[in-house]
Structures are given as C-alpha cells and as structure tokens.
Amino acid sequence: MAVLICTLFLFLFAAGEAVSTDPTLKTYIFRVDGESKPSIFPTHYHWYTSEFTESTSILHVYDTVFRGFSASVTSSQASALEKHPSVLAVFEDRRRQLHTTRSPQFVGLRNQRGLWSESDYGSDVIIGVFDTGIWPERRSFTDLNLGPVPKRWKGVCQTGVKFTARNCNRKIVGARFFAKGHEASGGFGGIGFGGTINDTVEFRSPRDADGHGTHTASTAAGRYVFKASMAGYASGIAKGVAPKARLAIYKVCWKSAGCFDSDILAAFDAAVNDGVDVISISIGGGDGISSPYYLDPIAIGAYGAVSRGVFVSSSAGNDGPNGMSVTNLAPWLTTVGAGTIDRNFPAEVILGDGRKLAGVSLYAGPSFSGKKYPLIYPGKSGILSASLCMENALDPNLVRGKIVICDRGSSPRVAKGLVVKKAGGVGMILSNGVSNGEGLVGDAHLIPACSVGSDEGDEIKAYAATGRATATINFQGTVIGIRPAPVVASFSGRGPNGMNPEILKPDLIAPGVNILAAWTDAVGPTGLDSDDRKMEFNILSGTSMSCPHVSGAAALLKSAHPDWSPAAIKSAIMTTASTVNKQLQPMTDESTGNATTPYDFGAGHLNLDLAMDPGLVYDLTNQDYVSFLCSIGYGAKTIQVITRSPAACPMRRKPVPENLNYPSIAALFSIGKKGVLRKTLIRRVKNVGDVNSVYNVKVEAPKGVSVAVRPGKLVFSDKVRELSYYVTVKMDGSSVMMGDSGAVFGSLSWVDGKHVVRSPIVVTQLDPM
C-alpha cells in the first residue's frame, strides 16, 4: 500500500508541477496496460482518476477495442504520464476529414435472385455508420415490413436536440453522438470556443446537420424509395446495397468541423459493445500523411472490431490521381477506392464559333435556352486568386453579365459559382487543372454552371483570349448507358501503400461518382450556408460514397454466410472483383484515359454477382495479424498498443510481411540489388464451395518476371478443407522495366471450371519506408 501511495503521489505531483509551466490544455489519448491495474481499484476509471489525472480532465474511457482513456491535459502533464510504467503509448488527438439509384444494379445486384435473394437483402445484419449522423424522417429509413430488432442488439437511442427515442425504429436500431473530443478542441466550425456546440448550425444529437452521414447510411442500407431524384436528375427507384440491413448511427463528425480521433475511438468501443456486424467509416487523414498503426486510432479501433468478428470498411481518400495517396492502410481494414457508374449528367459548352465541348452539371434552375453571353477568364491577369474565383477576388466591372471561367482548386467547387454570382456573373465554366485531368463530378450549382476537363478548359480559355468571345451552356439531364464504365475516378486514392508496400492498397474500388442517396433537410445540396433548397436526395462523389457500397456488400455476405470472418468476407469481395469494364475491356483512368493497374483499383471493381460463392477464401486470424506486426519491426509493447494483448515475436525466424495471408500478392525487392532476384511467398486457402473440388492454377506473370506456383493443383475433400501453396517470384533486377508506376503487374487464379479465385500480383523494387 505504501508503494502505491508513493506512486500516486509522484505522478500526481509531476502532473501538478506541469500545470504551472505549460497552461495550454490539449487532448491526448493514453493507451494503458489494463492488466496492470492494482486490485485496490474497483474499475479502471477509478484507477485513472486516482493515479493519472483528475476526473474532470477525462473525456472518454475505452475498454473494448482499446484499453485507456482520453483527457485534456497540458503537454508537460502528458510527458510526465508517458513515463508511467503502465502507459504503453500517448498520442495527441487529431482532426480527420470526411472523404466526400443505379449503383446497386451496377455492382451486380438484381431483384429476386443472387445475393439479394440469398441474403434476404441483408435482413438482421447491423451496419454501424461512423459519420455526421442521420436525418431519420427520410423514406430511405422506414421500418415498414421489417421484423423485430435483432435480440443481440445492446445499443441505445441517445436523445438530444431534435432527436427523440421515436426517431429510432426497426430500421435505425440505435444512435449515439460523440462530441467530447470536439468540445475539448476549442473552436472548429460549429464548435464554440466556450466548449459548447453552436446550435445555429448543429444539433447536439445524432441528427445530421451536414448531410454526409444521411447519404452514406442510405447508400449502404437505404430502403426502396420510388420516384426518387435530385431536382429531376437520376430519377427512378433509390435503394441501398443492403435494403433490409439495420442501421446503428454513430455521429463522430460535426458540420464543417471534421472528426476527432478521441471521439472515433469511443465510437468503435461503443459499436462493438452494442453488437454491430459491420462498421462503415468514410473518414481519414486530411493531410495526406499516414500514421504508424500504433499511432492511428482508426487502425487501432478497427483492429479491436475485426478481432471480435466485425467487418470494417473504410475509404481510400480523395487525393488521387497522385501516387501513394491511398489512406487507411492497415491490413485488417478493407480500403475502398472509387469508380464511375454508367450514368452521367452531361452539359455542353457551346462557344460563339460553334464549337461544342462536353462537361457535366447538376444545375436545376432556369437555363440559358441557347442565349449566348460574353465569356471571360479572370485568370488571364496572372492573379491566382482571380483564376480560382476565390472570395472577393473578382472585379464586378469585368464579370458582370458574363459567363466566367474558374479554375478548380483551393475552395469548394460550388462556392466558386456563388462568388461569380455575387460579382454579377450569369454563369460559370469550372475548368480542371492538369492534376485532375479529365475527371469530372457533377455539382448542384446555384447558377448555370458546368465542369469541364483540363483539355476542354484550355481550349475554352484560349478562345476567351481572342476577344469578343461568347458562349452558352446546354444542360442535358440524365444519361444512362455511358461507356466505358466503370473507370477509376480521378480523385480516388492510389497505391502504392506508403506504409507497407508489401500489402496492396486500395483493396478494391466501388461506385463513388455521382451517387444518388438520401439527404438532410438542414442544408441545401451544395452544403453552402446560402443554399436554402430542400432536397430529399442529393448526388455526391468521393471515396466516402464507395465505402458504404462495400459496407452494404459485407452485410449481404454476412447475412448469407453468418459464420464467415471479416477476412473471409473481404477475400470473397476481392477475389471476385472485376478488372474489366462492362465492355469487357481493361479498366481505364478517368484523369488520363490510360490503362489502370492494381495500384489504382486494387483487386478490381466490386462484383457481387460472384462474391456470394467465391469457391475459396484467404482467411486470417488475430495471430496472423500479430505475426505481420512482428514482421514490420514492431516490438511487444508496440503491438500491445494495437492488440491489447502482449505479443511474443519469434527471435530466430522473423516473419516476412509478404507472407500475410492476404488476397493480393506483392513481392518487394530492394532497389540496390541487381542480378537474378528470387522470393518465395506462402498462401493458404479455405474451401467454402463444393466439398470435393479440384482447382488448377493459372498465372499471368508480370512482364519480365517468372512466377512458379507449387503445387499447381489443389484437391479438397470433406477431410481437407484448407491447403497451402507457395509462390516463387524471380526476376533480373538489372533488366526488368518497372514503368511509370515503379512496378509490374500480373495475377494468380485458382480455377475449378466454376470459380475463378483471382489475386493480383505486384512486383516492385522499392525500399520500405
């Protein structure tokens, strides 16, 4: 007892000393070794408030996916607490960003047959959506003809501003909100400096003031809604990927304010305790930098969820087409990039000399009806803010009564139109830069406006410079049957994996461009404060939209195969993904029109026609992930930060990261090595198809590389359900041409006459970070 009191005194004294030297409070997350709690304390909370910090400083206590707490303390206090023998890690709370009809059919779902039929449309599977909340009154969330709430559900319907217990039902089975991390941060967006939420722009409840959460929730699991459209665009029947799945809402993001790690981690803790089957998280770092797994609360929280059987789908980020822009890199996460669908919203810029240039738009107001207006490009002045149509950058004397060409970037696309409108312009042509290429997304502009690609933009600017240039815009509504489709969206986060190139990321792509889904009544479709239009549905683009497609897909597979692990579901989705478009040609890149690689699309595009019956799956256990963490050099204490349990890494034979039993295969060779290079990798597959099956290997070797597989035949029976095989990759390091991507690509497939179980192969010379 004397030792305990002494320890308490020393750490509280150190913390008290720190206050006087550094009065600025910040939020820190403390990972604690829960097993070291002295028995004198009845709970971990009592221990934390007695030995680490005052109860008023603690924001969240974590006890399911993570053991520890978050608290508002000074940096000196945090440094002092980091020295506590029971503290495994300390990291400062970080702000993260959201990664912001026909798509269910586009991924292979059809009424009354296939996966929708076999899974009963995802009935009784519970999807936890981590986002900005929900607008529960939307038709997409009706519980008509749904059965009772699954008995295993242990969650709550947390009430608050304009959200009562009646807003939950048999569809929205639970809802929570997490604001303590925001309030402690002291003043982002709708969060006031006084620590309270500004109720003029936000709801202190699960109600959605932003729209993003309502959109992602209905994309994953919206019910059938007839006569759905966004101001006449994309009209038809709206439905989510898993229409009968249940929704559990975890509001962790706040309007214009982002999402804080401490709140996200608390949501993971709650969701796993509540009993969700799938977690959908369209959130990631906004700075293009990925943290190590042990400092990444999304990776840590997701590991805790996956290790308990919960599938976690995450967005790949919107920083493409730059290489190494993919986020959410942990191998236990399913990381989803974005592709287009075969529906578009074309608009046409018609120049005064008769030329017609293609663009896209979701503008729904009065049109120009063919009338031409003077055309101007403010950027010809050489002033960057004018070329970008930034706030107060346009001269009304120059733009009044004209169609204004604005460059994309630095401010929201729709906000540029508002700037043009305020300056007296009558319309806008939004031009991509070189980085976005020809990749276009539709926007519900407040003035007549359309987006054009980089090449078209240059052509229009050149015409505008001739003097007395005129133009009009013709809005052409909704067009279905666009070819080619899918193509990889220009903004979709790309590989290679900047953390561990041995693990291919993204894992796959899914529809993420111009997706129609439910919307909030709190803001108009542009999200601008001045946009007071009310829309039941909105059309958005981003990997935020592709992520819930895979969340819904996982719900369908979980319903059809309740005994499948998260890794088995992920494997089924990846090994059946398509690498060709609907015209059976190789997928292309929206930004360039060139052919794409697994660095762009991972294993391919989501194809649920085949995922229900994949034949074989690559399964993974918690120990497999621990071995992977050992292989990348993490020590026992560091691994415990992620897994909660102490790990024993082998001392003699260090595991190899490429040997993680992943559905894709990457062979990494050091840049400095020349001559003939060889590497042998191992994989194991589990038969989930016909008991007596025989599979033969089919290899498409990367150019300049030889790939040998042994055995070349896998024979399964009622006694043999799992088999391993070896892949030997050999290349001449001095002669293989890696190309622009720095890698060469191929594939390995196991074929039995009915199934094709395909894994991409990536071979690269790259030194790990």
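If you take the residues of segment 165-178 that are touching a helix residue (DSSP H, G or I) at 6+ places or on another chain (Cβ under 7 Å) and in a loop (DSSP other than H, G, I, E, B), which of them is farthest from Asp208 (Cα to Cα)?
Residue satisfying both the conditions and the ranking: Lys171.
Working carefully through the options Asn392, Asn318, find the one that is surrounded by 24 or more Cβ atoms within 10 Å (Cβ to Cβ) and part of a loop (DSSP other than H, G, I, E, B). First the steps, then the outcome.
On the way: Asn392 fails: surrounded by 24 or more Cβ atoms within 10 Å (Cβ to Cβ).
The conditions single out Asn318.
When residues of segment 252-275 are filtered for being touching an Asp or Glu at 6+ places or on another chain (Cβ under 7 Å) and surrounded by 24 or more Cβ atoms within 10 Å (Cβ to Cβ), how many remain? Let's see the steps before the verdict.
Within segment 252-275, the first condition is being touching an Asp or Glu at 6+ places or on another chain (Cβ under 7 Å), and the residues that meet it are 252-255, 260-262, 269.
So of that shortlist, the ones also surrounded by 24 or more Cβ atoms within 10 Å (Cβ to Cβ) come out as 252-255, 260-262.
Qualifying residue count, segment 252-275: 7.
Taking only segment 125-164 into account, find how many residues are in a strand (DSSP E or B), farther than 22 Å from Val272 by Cβ and out of contact with any Cys (no Cβ under 9 Å at 6 or more places or on another chain). Talk me through it step by step, then tell me what you get.
Step one: filter segment 125-164 for residues in a strand (DSSP E or B), giving 126-131, 134, 157, 160, 163.
Now narrow it down to the ones that are farther than 22 Å from Val272 by Cβ: 160, 163.
Filter once more, so that each one left must be out of contact with any Cys (no Cβ under 9 Å at 6 or more places or on another chain): 160.
Summing the residues that are in a strand (DSSP E or B), farther than 22 Å from Val272 by Cβ and out of contact with any Cys (no Cβ under 9 Å at 6 or more places or on another chain) in segment 125-164 gives 1.
Scan segment 564-588 and report the pairs whose first residue is part of a strand (DSSP E or B) and whose second residue is of a type in the set (Gly, Ala, Ser), with Cβ atoms within less than 9 Å and a gap of 6+ or a chain change.
Close Cβ pairs satisfying both conditions: Ser578/Gly108; Ser578/Gly604; Val580/Gly604; Pro586/Ala595; Thr588/Ala595.
Could you count how many residues in segment 580-590 are open to solvent by less than 10 Å² (accessible area, probe 1.4 Å) and under 20 Å from the mean Cα position of the chain (by Cα)?
0
Is it true that Val399 is β-branched (Val, Ile, Thr) and open to solvent by less than 20 Å² (accessible area, probe 1.4 Å)? Even if it seems obvious, please write down each step before you answer.
Details: β-branched (Val, Ile, Thr): yes; open to solvent by less than 20 Å² (accessible area, probe 1.4 Å): yes.
Here the answer is yes, as Val399 does meet what is asked.
Going residue by residue through segment 1-12, is there one that turns out to be open to solvent by less than 40 Å² (accessible area, probe 1.4 Å) and either at pLDDT 90 or above or closer than 30 Å to Ser256 by Cα (or both)?
No - not one qualifying residue is present in segment 1-12.
Considering only segment 591-612, state which residues are within 24 Å of Thr764 (Cβ to Cβ) and buried (at least 19 other Cβ atoms within 10 Å of the Cβ). Full working, then the answer.
Within segment 591-612, the subset within 24 Å of Thr764 (Cβ to Cβ) is 591-592, 594-605.
Ser591, Thr596, Thr597, Pro598, Tyr599, Asp600, Phe601, Gly602, Ala603, Gly604, His605, listed by residue number.
Within segment 637-679, track down each residue that is loosely packed, with under 14 Cβ neighbours inside 10 Å and of a type in the set (A, V, I, L, M).
Listed by number, the residues that qualify are Ala648, Met651, Ile671, Val676.
Please note which strands (runs of 3 or more DSSP E) are completely contained in segment 680-748 and include at least 1 residues that are of a type in the set (Ser, Thr, Tyr) and surrounded by fewer than 15 Cβ atoms within 10 Å (Cβ to Cβ).
Details: elements: 693-700, 705-710, 713-716, 722-732.
Correct list: 705-710, 722-732.
Suppose we filter segment 14-32 for residues that are at pLDDT 65 or above and open to solvent by 40 Å² or more (accessible area, probe 1.4 Å); how many remain?
Taking segment 14-32 and keeping what is at pLDDT 65 or above, we get 23-32.
Restricting the remaining residues to those that are open to solvent by 40 Å² or more (accessible area, probe 1.4 Å) gives 23-26.
Selection size over segment 14-32: 4.
Pick out the one residue from Gly174, Gly194 that is of a type outside the set (A, V, I, L, M) and modelled with pLDDT of 95 or more.
Just a single option satisfies the conditions, and that option is Gly174.
Only one of (1) under 21 Å from Ala603 (Cβ atoms); (2) open to solvent by 30 Å² or more (accessible area, probe 1.4 Å) is not met by Val306, so which one is it?
(2)
Can you name every residue in segment 206-258 that is touching a strand residue (DSSP E or B) at 6+ places or on another chain (Cβ under 7 Å), part of a loop (DSSP other than H, G, I, E, B), at pLDDT below 90 and over 15 Å from Thr142 (Cα atoms)?
The answer is Ala257, and nothing else.
Is it fair to say Ser361 is in contact with a Gly (Cβ under 7 Å, 6 or more places away or on another chain), within 28 Å of Gly320 (Cβ to Cβ) and not acidic (Asp, Glu)?
Working: in contact with a Gly (Cβ under 7 Å, 6 or more places away or on another chain): yes; within 28 Å of Gly320 (Cβ to Cβ): yes; not acidic (Asp, Glu): yes.
In short, yes.
The rows are residues; the columns are (1) part of a strand (DSSP E or B); (2) hydrophobic (A, V, I, L, M, F, W, C); (3) open to solvent by 10 Å² or more (accessible area, probe 1.4 Å).
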{"residue": "Ser280", "(1), (2), (3)": "yes, no, no"}
{"residue": "Ala299", "(1), (2), (3)": "no, yes, no"}
{"residue": "Asn322", "(1), (2), (3)": "no, no, yes"}
{"residue": "Gly337", "(1), (2), (3)": "yes, no, no"}
{"residue": "Ala347", "(1), (2), (3)": "yes, yes, no"}
{"residue": "Gly354", "(1), (2), (3)": "no, no, yes"}
{"residue": "Leu362", "(1), (2), (3)": "no, yes, no"}
{"residue": "Lys371", "(1), (2), (3)": "no, no, yes"}
{"residue": "Leu375", "(1), (2), (3)": "yes, yes, yes"}
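How many residues, within segment 135-166, are more than 20 Å from Trp519 (Cα to Cα) and under 27 Å from the mean Cα position of the chain (by Cα)?
6
Rundown of residues vs (1) open to solvent by less than 40 Å² (accessible area, probe 1.4 Å); (2) farther than 25 Å from Ala517 by Cβ; (3) of a type in the set (S, T, N, Q); (4) in contact with a Gly (Cβ under 7 Å, 6 or more places away or on another chain), yes/no style:
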{"site": "His549", "(1), (2), (3), (4)": "yes, no, no, no"}
{"site": "Ala555", "(1), (2), (3), (4)": "yes, no, no, yes"}
{"site": "Ser578", "(1), (2), (3), (4)": "yes, no, yes, yes"}
{"site": "Pro614", "(1), (2), (3), (4)": "yes, yes, no, no"}
{"site": "Val617", "(1), (2), (3), (4)": "yes, yes, no, no"}
{"site": "Gln623", "(1), (2), (3), (4)": "no, yes, yes, no"}
{"site": "Tyr634", "(1), (2), (3), (4)": "yes, yes, no, no"}
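The values are calculated or read from the model by the stated rules, or taken from the named source; none is laboratory data. Every value quoted in this text rests on a predicted model; they were computed, and no experiment measured them. For neighbour counting, all protein chains shown are included, and Cβ atoms are generated from backbone atoms with ideal geometry for every residue, glycine included. Just the protein is used for accessible areas: all its heavy atoms, side chains included, with ligands, DNA and RNA removed. Shrake-Rupley method; radii C 1.70, N 1.55, O 1.52, S 1.80 Å.
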